[in-house]
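One structure below.
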Amino acid sequence: MTDTPVIQLSDLSIGFTGRAGHTLPVLRNIDLTVRPGESIGLVGESGSGKSTVALAAMGYLKRGLRVLGGTARFEGHDMFALKRRELETLRGGQLALIPQNSGQSLTPTLRIGAQLTEALRLHSRLDPAQFPDRVLELLGQVRLPDPQTITRRYPHELSGGQQQRVAIAMALAGEPRALLLDEPTTGLDVTTQAHILELLRDLARETGMAMVYVSHDLGAIARVCDRVVVMYAGEVVMEGSARQVLTAPTHPYARGLLASIPKLSDPHLPMALGGRPPAPGGAGDGCAFVDRCALASDLCRATRPMLAPGPGGAPVRCHHADRADTLPMSSQGDHAARAEAGTAPVLSLQDLEIRYSRPGLLDRLRGREDTRPATVDDITISIAKGETLGLVGESGSGKSTILKTIAGLLPPAGGEIRFDGDAPLPRSVEQRGPDHLRRIQLIFQNPDDSLNPRHTIAEILEQPLKLYFGLSGTALQDRCVEILERVRLGGHYLDRLPSQLSGGEKQRVAVARAFAANPDLVLCDEVTSALDVSVQAAVLELLNDLKAAQGTTYVFVSHDLAVVRALSDRVAVLYQGRLCEIGPSAEVYALPSHPYTEVLLGAVLEPDPDTAPKLTADDVIELSPPAKGCPFQRRCPRKIGARCDTDTPPWQTRDDGHAIRCHIPLDDLHRQQQADS
Amino acid sequence: MLQMFLRRLFLGAITVAIVSMIIFAGVEILPGDACTAFLEREAQGRVLENCREELDLNRPAVVRYLDWASDALRGDLGVSANGQRSIAEMVGARLQNSLLLAACALIVGVPTAIFLGVVSGLWRDRPVDLVLSTGAIFAMTIPEFVSATVLILVFSVWLGWLPGIVLTSANAPASEFFPEIILPVVVLAMVMTAHILRTVRSSVIEVMNSDYVQMATLKGVPYWRIVFRHALPNALLPAINVVALTIAWLLGGVVVIEVVFNYPGLGRMMIDAISDRDLPVVQAIALIVATVYVGVNLTADLLTMVANPRLRTLYTRK
Ligand SMILES: Nc1ncnc2c1ncn2[C@@H]1O[C@H](COP(=O)(O)OP(=O)(O)O)[C@@H](O)[C@H]1O
Ligand code: SF4
Ligand code: SF4
Ligand SMILES: [Mg+2]
């Protein structure tokens, strides 16, 4: 291995011209060196400039941005001085990017095969006759099932995980010497993410390819990277080996970031990092982090710290790095508020069955039953007042479907829903009275989709207040302000539009709108999945406070097991629309586990370079549940034979209410799992 | 796919049927009928009775609607109130003229619009784009009769290059309309070019800023290949529907142009029929325009579906 860097950014500053005509920097004096075969992690909140750095390494700037100073070199080529033709040969060939959102990065009108072939034609030295085989080989390499079929598909016909793998295959087509990855696994299921990361690690090791891995997910970084660079407000604030940065960070921001991550091993709520980063150009003369830093002093406000070796030897940009170890870096937040025991159930689901497919007209006339397995089936759960029930499972496991049915947006095909001990709830929203609508509220994953972009925050909050409580005039106004204050936003947000708020603020407005109805039951669908970890911590804290204050009951859906653990009293694990396991959180996260829960927990990446995920060799996400037997039969690593294929496994319930649905007796399961861990 | 096509066709037919009822009802609700309109002052006593008898106006409205509709289905649009001529014949000639005008405007306008739209989208905020975009806004906001008058003033009155109004009779063969048709075509092409250009421009800009074009750039795909293979197939999809709307507009809504240039098209015939209170003709034209509208939009939707894999695979897979 030579020591000439593959990628070298020197004193690189990038910015744009703001409305007032000032030059506003997005990146400030970035130095970054990546050597052959090295994997570097780039972490920081969204907006810290991570993507801009990755794109700059390719000599690419988003529209409106320009280089203010410094250089970006790839194997000695000055990327911003190259001609278009020279750039075209390097990009996608020796230097490739895997984009943040591969779903939108594949051209919708071209088949997957055509897009991969194009990459080969541009960068491969192979004979064109060999392209078809090479395409199949690349798709096989990223572990896509049935490559032949995939080549004929259009991007929208693939799942998110599959699109991501296609993007990886495309990047590998040119046999790159350096790979830039911009949040390649954000938003994917834990199992898919873990498999993709293992794939990347192996590839890098086999081919000696260098990687720059951009992410706000420290777990993923810990798994893939040797060295980590922490960015804040367009600056590098700390740099060091993965172990050093993740276990003994010397910059207050890096510590705060670590503390805001919910961890599987830790049942506390994560600690939110208050405030938000300065806008480009808003950092002032001192340290950019000064408004959010617990160690801030007058010195910090007056002079910008330089990147200099800190206590452990790693470069850090802080005047008081020697005192950083006084700050917490694990989640010492509150314990989630717990439900009072023995209260009557607020919500009970009895044998709930949900189907998306409607029988065809012809079948209905002939009176034929739909014989396909239902999307969701056999769900029986009851939730006590003030309790938080976590619902986990991979994408497509039916989590959101169940929430929609409880909310009345999707009438069930069978079974019933009882609310507050009453008679069964009417099946659809149209049949429910205003009181029911008020008492059950739903919060969605993406506030951009659920908040009308043309309504001001005031209008958004007034709607439920007028509708359910008939408020008007100053009473209405006061109530809006009060609600905003409860989600820690304040009255000056009333006249703003959603587009003028950050992601976390928008999600708070969505929470505020739900709580404006003074609900008894709040259904949360992946409410923190689109948010940065630090913002996520704040939203979790908010949900917990509201629950403590009002005794609200939550059904909390997430694919992030650590997040669910932090907030839930009880957790239900869902596979292919069927319950596998349910019980108090502490029990579900401890042994014995249902084999599926075990697979999920094994795939979780902890922000600790010394842990490795436990992966099952070939797990591919399935599209529909099997007709009979255990729903998990096709992926189960502990399958005990034909019984799993034919017989529905029984519920095995323990005294503490922890129940597992599996043919293996609990004691055996426990023993096997203990032996393996 | 076929099933979907048949369903859309069926829905289109229902739309036309409902529109035909509305048209019929609308004319029915107006005070007076074809005979009172035609006979004017003499519309009383026996004369009126005879006329009504002759035009079958004494039967219940529902029966007359069914008659009218089923005749129309067979291509028989009845006879006009005044001339006693077959409406199908009268309208047929006018429809041909309208089609001629529309076809010429489309042949000139659509390629120009798409080309200029792509150019101004690709060179966004550069001088070309500023000129084209400002020009488009001008062409859209200036009323057609103003631009028509200015063009007549310049090209036929001052320069004397082109005839300013159409003198050819309505039934003349298409070739005789040249060169008289040139100025009306220019005015129409200007307006429609402006609309299509703006749609194409914004769609090109959106697509060129998309993640997949950025990705293609970072994959090392040469610029013009990105434009033609990755961007344009996506950017031109929205143009299909705008072109369809334009066609419908050209066939039914260009009354002002036809009047200014004295062009014997459908629009002017409609105006004349309205002022003559020739209700059967009004009904017939309204029905034709509605059918064209539905037909053109249906075609556009189907084309979009064929061109857009997202929609196509919805019906061909699974
Ligand atoms: N085209 C652009 N014009 C102006 N500012 C931009 C542009 N793209 C990104 N920015 C700004 O640059 C900063 C860094 O963005 P980005 O690199 O996307 O961050 P990250 O990848 O860490 O989320 C943000 O403040 C963002 O608002
Ligand atoms: S320089 Fe001061 S404000 Fe900045 S991180 Fe260090 S202690 Fe905090
Ligand atoms: S019943 Fe069988 S297939 Fe299902 S989880 Fe248990 S062992 Fe695995
Ligand atoms: Mg980013």
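The values are calculated or read from the model by the stated rules, or taken from the named source; none is laboratory data. Keep in mind the model is a prediction, meaning the values are calculated, not measured. Every residue, glycine as well, gets a Cβ built from its backbone with ideal geometry; the counts of neighbours run over all protein chains shown. Surface areas here come from the heavy atoms of the whole protein model, side chains and all, with no ligands, DNA or RNA. Shrake-Rupley method; radii C 1.70, N 1.55, O 1.52, S 1.80 Å.
Summary of computed values
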| quantity | calculated |
| --- | --- |
| Computed [θ] at 222 nm, helices only, for chain B once each DSSP H run of length n ≥ 4 contributes -39500 (n - 2.57) | -23000 deg cm²/dmol |
| Hull volume in cubic angstrom per residue (convex hull over the Cα atoms of region A:87-157) | 103 Å³ |
| Extension gain, B:Asn171 back to B:Phe228 (0.36 nm per residue minus Cα-Cα distance, nm) | 16.1 nm |
| Anisotropy class of region A:578-676 from Cα gyration tensor, a/c 1.5 cut | oblate |
| Aspartates and glutamates with Cα under 17 Å of A:Lys466, excluding same-chain neighbours fewer than 8 positions away | A:Asp435, A:Asp478, A:Glu482 |
| Residues of type aspartates and glutamates that A:Lys263 reaches as a straight line, Cα spacing below 13 Å, ignoring anything fewer than 8 places off in the same chain | A:Asp217, A:Asp560, A:Glu606, A:Asp608 |
| Unsatisfied cross-links (Cα-Cα over 26 Å) in the set A:Lys399/A:Lys614; A:Lys404/A:Lys614; A:Lys547/A:Lys614; A:Lys506/A:Lys614 | A:Lys404/A:Lys614; A:Lys547/A:Lys614; A:Lys506/A:Lys614 |
| Per residue, in Å², the accessible surface of region A:420-552 once ligands and nucleic acids are set aside, probe 1.4 Å | 43 Å² |
| Label-point separation in nm, A:Arg372 to A:Thr474, each point 7 Å along Cα→Cβ | 5.9 nm |
| Cross-link reach list, aspartates and glutamates versus A:Lys62, counting only Cα pairs under 13 Å and skipping chain neighbours closer than eight places | B:Asp211 |
| Solvent exposure, largest accessible area first (probe 1.4 Å, DNA, RNA and ligands not counted), of A:Phe131, B:Phe138, A:Phe80 | B:Phe138, A:Phe80, A:Phe131 |
| Interface residues in region A:88-111 - accessible area drops by 40 Å² or more relative to the isolated chain, probe 1.4 Å | A:Glu88, A:Arg91, A:Leu97, A:Gln104, A:Ser105, A:Thr107, A:Pro108, A:Thr109, A:Leu110 |
| Column: log10 I(q)/I(0), Debye, Cα scatterers of region A:223-287, q = 0.15 Å⁻¹ | -0.57 |
| Extended-chain gain in nm, criterion 0.36 nm per residue less alpha-carbon gap, A:Glu75 and A:Thr653 | 201.9 nm |
| Per-selection metrics, region B:34-167 (Cα): Rg and Dmax in Å | 24.6, 74 |
| Helix-only CD estimate at 222 nm, as mean residue ellipticity for chain A, using -39500 (n - 2.57) per DSSP H run (n ≥ 4) | -9500 deg cm²/dmol |
| Rg and Dmax of region B:127-240, Cα atoms only, in Å | 20.0, 61 |
| Fraction of antiparallel bridges per DSSP, chain A only, in percent to nearest 5 | 60 percent |
| Span per principal axis, largest first, for the Cα atoms of region A:257-326 (Å) | 40, 30, 19 |
| Rg to Rh quotient for region A:440-579, alpha carbon positions, Kirkwood Rh | 0.97 |
| Shape metrics for region A:7-225, restricted to C-alpha atoms - Rg then Dmax, Å | 17.4, 56 |
| Rounded percent of accessible protein surface that carbon and sulfur make up, chain A, 1.4 Å probe | 49 percent |
| Normalised alpha carbon radius of gyration of region A:1-97 [divisor 2.2 N^0.38 Å] | 1.10 |
| Rel. contact order, % - alpha carbon contacts under 8 angstrom, at least six apart, chain B | 26 percent |
| Rough spin-label spacing in nm, given labels placed 7 Å along Cα→Cβ, for A:Glu353 and A:Gln431 | 1.7 nm |
| Chain A: relative contact order as a whole-number percent, Cα under 8 Å and 6+ apart | 13 percent |
| Cα pair distances of the protein assembly as shown binned at 10 Å [whole percent] | 2, 9, 15, 18, 18, 15, 10, 7, 4, 1, 0, 0 |
| Within the accessible area of region B:231-298 (1.4 Å probe), percent carbon and sulfur | 73 percent |
| Taking region A:30-89 and dividing mean pair separation by its residue count, relative contact order in percent (alpha carbons under 8 Å, at least six apart) | 21 percent |
| Whole-number D in µm²/s for chain B (Stokes-Einstein; Kirkwood sum over Cα pairs; 25 °C, 0.890 mPa s) | 109 µm²/s |
| Gap separating the Cα centres of region A:269-301 and region A:438-463, nearest whole Å | 30 Å |
